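Here's the structure we're looking at; comments come further down.
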Amino acid sequence: MSFWPHVICWGKDDEFSQTEHLKPWQSQAKDLEDYIFFHRSASTTKAAAESSGESAEESTSEEACRDERISLWTWRTCGLPIGGFILAFLNATVTGVSYGFFLGYMGLDSNVLMSITSLMKLPQVFLLPFGLINDCVPICGYNRKPYFVASFMVCSGALLSMSLRPLPDPYYCQDPDGWYDNLLPPCNPAMHAEKNWYVWPMFLLVTGVQMGCVAGEGLLLEYSQSEPLECRGKMKAEFTIVTMAGSLLSSAVIGVCMNGKEYLGTFDWSMSFNGLMMLCFIISTALILISVMCTYEPPKVERPSFRAHIESSWKLRCNRSLLQCKCLGSVLLFAFITQFFAAITTTAAPMVRSQWAEVKVLQQQVFQMGGMFVMMVATWLYKVYFLQSCWRRAIFIAIVSVTVLDAIPTFLAVFDVIRNQYFYLGEEILGAVPTTALALILNLMVIELSEPGQEGLCYGLVGTVMHSSQPFSTAVSNQVSSLFTPSLSNPANYALDAPSFRETVAWSYGLAYATSLLGIFAVPLIPKQKLHAQRRRKEWKRSPFLTSLVIGVPAVCLPYGVLVLFLTSQPETACLRWIGGQGCSPS
């Protein structure tokens, strides 16, 4: 324990304490000049403005947008984008291995796969408490950097535990060529009981990733709020591109190194699951030192206690309150509603992908890489050309486009018109653009609505409310899908491929797509653009009713969703009808 303060305080800049006697703007200007932000003489700016006939504010903003020193890529700040890159890599790895490892190697039913995948992502709901801790509990004078470093420690511990555990034999029997035969009795039926030894370390890994994301986003918000209004959001767009590159690298590693037939791939060789976890452990451990040495946090402003922080968010006037302010409450309600409807799906989806479209790991990861590349390009284009475009219109187009682009290859595969993995996976690239717009615009809203000193709380609040709908939507998906007969989770039904069963699968998809489109009715809840968001924050009054709705609905839905998913993931209760099973046989 004595090692912890030494690690966190290593690299703290003593010169900051020498500037405390200066005026706030003087101290801030000195610090930002030394590290990431620009600093120009006020007299020089004013003279230049007068000579060109512009106001000082306009000239300063234009110069700020052109200033090359406004960058995340200095030796003092590069730890933040590099850390974001690796956190995205680890997060994408958790999702990327689920298809080949849990569906293929472990042979889990599709409804169980969806449940444990949602449980592994449950730490996304912890964004709010992580944000509160960031804002209120500094360590060695820092509010963000210690937790950014600690996140890689947590990730390293989870990865080490999975890399050292011996891997059991696959669930299904393999023929001489290495392919699984789903119609034969399993060769290792005890494999299903082993899944908890991998689900909970994955849960811990995602917890560490989310802890780092909150700390990193808190720092990024502080950086972004110092950008001029005309170009605010450029740092966020750059950071988003970096994190997408981390996800892209994860897809490349999984696609090439885990494309063995035992993981639903095509190669005769493959890196084992343990080997992949060891590789991630080495990378995560190296980031501990990098994040300590190369992550800059601006000097600590006065931070309130937990109690004062909550009271300030609940009781103060709207332009300083978070929870009771109607402008943020409407965005929170939009995030919950949109995420809930977007996450409604059918348990047939994993089976259609693996059995009918015959998607292999390498091809899936290659197309995911293509999608990530398109997302990076789309983010850059948005930063350059569409930073001032209407948020409502962009999100409306995004929701409709994602639904249509996903439906076309899906229905063609269901009715055996085109069952080709390359055509089926094409929607991942086409759908990358609207998906990018949804994520980026929501983050831009957070930048405009957060208050100084409450960056972690604001980011955590939006993230927690949005992700709290995920377990509930997955639970509802499992329950609704269980109403269709024959079972949408039974691999044998897909092997038989009867015309009547195709219609059943198509109806389940149609219901899911219709539900996802309902999210467009929540678009009026969000502001049109940055100036509109700021005007809402200043003019809109408090709304206790909206606040109660935003807090009460997730508070009811989240525990229910987690309970259903937990029961679905356990062999003893997975058969219960009310949680999405096919009914338990009497003992």
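Quick notes
- Note on the stretch 252-302: residues that are touching a residue at least 40 places away in the same chain (Cβ under 8 Å), of a type in the set (Gly, Ala, Ser) and more than 23 Å from residue 180 (Cβ to Cβ) total 3.
- Residues of the stretch 178-202 classified as surrounded by 18 or more Cβ atoms within 10 Å (Cβ to Cβ), closer than 30 Å to residue 79 by Cα and not hydroxyl-bearing (Ser, Thr, Tyr), total: 2
- Residue within the stretch 271-288 that is in a helix (DSSP H, G or I), of a type in the set (Gly, Ala, Ser) and either modelled with pLDDT under 90 or surrounded by 24 or more Cβ atoms within 10 Å (Cβ to Cβ) (or both) present: yes
- When the stretch 86-97 is filtered for residues that are surrounded by 21 or more Cβ atoms within 10 Å (Cβ to Cβ) and either more than 27 Å from residue 571 (Cα to Cα) or out of contact with any Cys (no Cβ under 9 Å at 6 or more places or on another chain) (or both), the ones remaining, listed by number, are 86, 87, 88, 89, 90, 92, 96, 97.
Results for (1) aromatic (Phe, Trp, Tyr); (2) more than 27 Å from residue 280 (Cα to Cα); (3) in contact (Cβ under 8 Å) with a residue 60 or more places away in the chain, shown as yes or no for each residue.
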{"site": "145", "(1), (2), (3)": "no, no, yes"}
{"site": "151", "(1), (2), (3)": "no, no, yes"}
{"site": "161", "(1), (2), (3)": "no, no, no"}
{"site": "180", "(1), (2), (3)": "yes, yes, yes"}
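- Test: residue in the stretch 375-389 that is more than 30 Å from residue 486 (Cβ to Cβ), touching a strand residue (DSSP E or B) at 6+ places or on another chain (Cβ under 9 Å) and not in a loop (DSSP other than H, G, I, E, B): no
- Set 415, 484: member being farther than 22 Å from residue 117 by Cβ, surrounded by fewer than 23 Cβ atoms within 10 Å (Cβ to Cβ) and at pLDDT 75 or above: 415
- Filter result for residue 544 (surrounded by fewer than 18 Cβ atoms within 10 Å (Cβ to Cβ), touching a residue at least 12 places away in the same chain (Cβ under 8 Å) and farther than 25 Å from residue 346 by Cβ): yes
- Of all residues in the stretch 410-430, those satisfying the criterion of being in contact (Cβ under 8 Å) with a residue 24 or more places away in the chain and in a helix (DSSP H, G or I) are 410, 411, 413, 414, 421, 422, 424, 425, 426, 428, 429, 430.
- Tabulated pairs, the stretch 120-142, first within 21 Å of residue 203 (Cβ to Cβ) and of a type in the set (Ser, Thr, Tyr), second crowded, with 21+ Cβ neighbours inside 10 Å and modelled with pLDDT under 85, C-beta under 6 angstrom, 6+ apart or interchain: none
- Of all residues in the stretch 132-177 being charged (D, E, K, R) and either touching a His at 6+ places or on another chain (Cβ under 7 Å) or buried (at least 24 other Cβ atoms within 10 Å of the Cβ) (or both), the one that is farthest from residue 293 (Cα to Cα): 135
- Qualifying positions in the stretch 471-480 - polar (S, T, N, Q) and either farther than 20 Å from residue 519 by Cα or surrounded by 24 or more Cβ atoms within 10 Å (Cβ to Cβ) (or both): 474, 477, 478, 479
- Failed criterion for residue 119 (all others in (1) of a type in the set (A, V, I, L, M); (2) farther than 30 Å from residue 352 by Cβ; (3) within 19 Å of the chain's Cα centre (by Cα) hold): (2)
The values are calculated or read from the model by the stated rules, or taken from the named source; none is laboratory data. As the structure is a computational prediction, the values presented were derived from the model and not from experiment. All Cβ positions, even for glycine, are placed from backbone atoms using ideal geometry, and neighbour counts span all protein chains on display.
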